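I have placed the structure first, in the form of C-alpha cells, so that the comments after it can refer back to it.
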Amino acid sequence: MTAQIDIKQDSLKIVLAGNPNVGKSVFFNALTGVYVDVSNFPGTTVDISSGKYKDMVVMDTPGVYGVSSFNDEERVARDVILYADIVLNIVDALHMERDLFLTQQIIDMGKPVVVALNMMDEVKKNGIEIDIDELSRQLGVIVIPTTAIRGKGIEEVKEALEHAKPGNPLPIVSQHLPEVRDMVDEDSEALLVLEEDENIISRHNISGVKGMREEIYQARRARIDEIVQKV
C-alpha cells in the first residue's frame with residue numbers, strides 16, 4: 001500500500017470479483033478515482049490494484065471463473081476474496097449461466113455480496129429480458145443492472161455497497177459447513193476445505209476430512225441453471 005492512500009489496518013475491505021472481461025476495471029476506477037496502488041501479490045507475478053472508497057479499502061482481483069487454486073490468478077483471487085468484508089461481484093448479463101457459478105460460490109462462502117449485472121445495453125440489443133427482482137430473490141443479495149462503460153448504475157452500486165448482505169447458500173453447503181467450521185478461521189475457508197482446496201487444507205494442517213468438491217460443484221451448476229431458467 002502507498003502512503004498516499006493511507007489505509008487504516010481495521011478498514012473494511014471491498015473486493016471486486018468476476019470472470020475475465022466483465023468490466024471490473026470500470027467499477028474499480030469509479031470507486032477509487034485517482035489514487036491507486038499496484039503491487040505484486042507475494043510469491044506470484046500477479047499484480048493487485050488497491051485504492052480507497054470513503055473509509056474502505058477497495059481491492060481488485062484477476063478475472064477468474066471460480067475460487068480455487070489451479071493457477072496463480074486463481075490463487076491470488078482466492079486469497080483476496082477469502083478475507084473480504086464485502087464482495088462486489090460483476091456479472092456479464094449476457095453470460096449469466098457462466099458467471100453466476102462464481103457468484104454462488106462467493107455466496108456459499110458467507111460473504112456479503114452486491115451483484116452488478118453489467119452490459120445491460122447488450123441484453124436489450126439482443127432482445128433479452130431479465131427479471132432483476134427475481135434474480136435478487138433467488139440469490140438473496142442486491143442485484144443492480146448496470147452499463148458501466150456509460151456510467152449507468154454506478155451510483156446505485158455505490159449506494160448498495162452500504163447494504164451488502166450474505167445471500168442464499170446451497171443446501172449441501174449449509175448442511176456440511178458446520179462439520180469443518182471449527183478447523184479454520186472463516187466460513188469462506190471452511191467452504192474451500194469442503195471443496196478440497198489443498199492450499200487451505202495444508203495451511204490449517206487439516207487431515208481426514210472427506211472432500212465434496214464434485215458434489216458441491218454439481219449442485220452449484222444445477223442451481224445456476226435453475227436460476228437462469230427462472231429469470
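The values are calculated or read from the model by the stated rules, or taken from the named source; none is laboratory data. Just so it is clear, the model here is predicted, and its values are computed rather than measured. Positions of Cβ are generated from backbone atoms using ideal geometry, with glycine treated the same way; all protein chains shown enter the neighbour counts. In case anyone asks, the SASA skips ligands and DNA or RNA and just uses the protein heavy atoms, side chains included. Shrake-Rupley method; radii C 1.70, N 1.55, O 1.52, S 1.80 Å.
The figures follow:
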{"read-out": "Under the Karplus curve 6.51 cos²θ - 1.76 cosθ + 1.60, θ = phi - 60°, whole-Hz ³J(HN,Hα) for the range 52-60, x wherever Gly or Pro sits", "value": "9, 10, 6, 9, 9, 7, 10, 10, 8"}
{"read-out": "Surrounding net charge for Pro62, when Lys and Arg each add one and Asp and Glu each subtract one, Cβ distance under 14 Å", "value": "-3"}
{"read-out": "Solvent accessible area, Å² - Lys158, 1.4 Å probe, full protein context", "value": "40"}
{"read-out": "√(5λ) per eigenvalue of the Cα gyration tensor, the range 170-231, largest first, Å", "value": "25, 11, 9"}
{"read-out": "The range 5-110: trypsin sites (Lys or Arg not before Pro) in DSSP loop, at most 14 other beta carbons within 10 Å", "value": "Lys8, Lys54"}
{"read-out": "Gain on full stretching of the segment that runs from Thr44 to Glu186 - 0.36 nm per residue minus C-alpha separation", "value": "48.8 nm"}
{"read-out": "DSSP bridge orientation in the chain - percent antiparallel, rounded to nearest 5", "value": "40"}
{"read-out": "Net +/- balance of residues flanking Asn19 in space, Cβ distance below 14 Å, scoring K and R +1, D and E -1", "value": "-4"}
{"read-out": "Compactness index (Cα Rg / 2.2 N^0.38 Å), the range 20-78", "value": "1.15"}
{"read-out": "Qualifying GluC sites (Glu not before Pro) in the range 24-133, DSSP loop, other Cβ atoms within 10 Å at most 10", "value": "Glu129"}
{"read-out": "Per-selection metrics, the chain (Cα): Rg and Dmax in Å", "value": "17.2, 52"}
{"read-out": "Cut-off 11 Å between beta-carbons: net charge of the residues surrounding Pro166, Lys and Arg +1, Asp and Glu -1", "value": "0"}
{"read-out": "From phi via Karplus (6.51, -1.76, 1.60), per-residue ³J(HN,Hα) for the range 14-25 in Hz, x at Gly/Pro", "value": "9, 10, 8, 9, x, 5, x, 6, 9, x, 4, 4"}
{"read-out": "Potential lengthening between Asp133 and Arg203 on full extension [0.36 nm per residue; Cα-Cα distance subtracted]", "value": "21.2 nm"}
{"read-out": "Over the chain, relative contact order from alpha-carbon pairs under 8 Å, at least 6 apart, %", "value": "18"}
{"read-out": "Derived scalar couplings ³J(HN,Hα) [the range 119-131; Karplus, 6.51 cos²θ - 1.76 cosθ + 1.60; whole Hz; x for Gly, Pro]", "value": "6, 5, 5, 5, 4, 4, 4, 8, x, 9, 10, 10, 7"}
{"read-out": "Entries of Lys13/Lys230; Lys124/Lys165; Lys52/Lys165; Lys13/Lys124; Lys13/Lys165; Lys24/Lys111 with Cα pairs more than 26 Å apart", "value": "Lys13/Lys230; Lys124/Lys165; Lys13/Lys124"}
